[in-house]
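Please read the structure below before turning to the comments.
Read the figures in this text as sums done on the coordinates, not as results from a lab. A quick note: this is a predicted structure, and the numbers were derived from the prediction, not measured. So basically every Cβ, Gly included, is an ideal-geometry build from the backbone, and we count neighbours across all protein chains shown.
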Amino acid sequence: MNKPIAFLTEPRVALALTVILSLIVALATLTPSQHMPSAPGSDKLHHFLAFGAIAFPMAFARPRLFLWIVLGVAAYGGLIEIIQPHVGRHGDVWDALANAVGALFGATVGVVLRRAILSRQS
């Protein structure tokens, strides 16, 4: 495996990326909306992509943990939706669903991409 790809398979690197992305998403989703810039595109698409990004690194590094990664990231997304009404935002079941589907998608892409890269190198 080449060095950039091998670097991404290191559990500590994947965990660090996951934590950083989780903190960025928490900041973006728990800051009162009047203090946030508007972004182009659908709100649900933003949720989908954000939680997909959180799930990707660990799934890429540790595909055997796929189910736990998806469940953990989806639970994190649900927790954010529960907290939002307490910080001047609106929690939404549809946002929680977009978070969960994004987590599933991001983890799936991580596993598939890792397998594709490994199969091309053998």
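Of the helices (runs of 4 or more DSSP H) lying entirely inside the stretch 6-122, those containing at least 3 residues that are of a type in the set (Lys, Arg) are 93-121. Beta carbons closer than 6 Å, at least 6 apart along the sequence or on distinct chains, pair a first residue in the stretch 99-122 that is in contact (Cβ under 8 Å) with a residue 24 or more places away in the chain with a second that is assigned to a helix (DSSP H, G or I) and surrounded by fewer than 16 Cβ atoms within 10 Å (Cβ to Cβ) for ILE117/ILE5.
Take the conditions touching a Leu at 6+ places or on another chain (Cβ under 9 Å), among the aromatic types (Phe, Trp, Tyr) and touching a residue at least 12 places away in the same chain (Cβ under 8 Å) and apply them to PHE56. Does it pass? Step through it out loud before you land on a result.
On the way: touching a Leu at 6+ places or on another chain (Cβ under 9 Å): yes; among the aromatic types (Phe, Trp, Tyr): yes; touching a residue at least 12 places away in the same chain (Cβ under 8 Å): yes.
Against the criterion (touching a Leu at 6+ places or on another chain (Cβ under 9 Å), among the aromatic types (Phe, Trp, Tyr) and touching a residue at least 12 places away in the same chain (Cβ under 8 Å)), PHE56 qualifies.
Residues of the stretch 61-77 that are buried (at least 24 other Cβ atoms within 10 Å of the Cβ) and hydrophobic (A, V, I, L, M, F, W, C): ILE69, VAL73.
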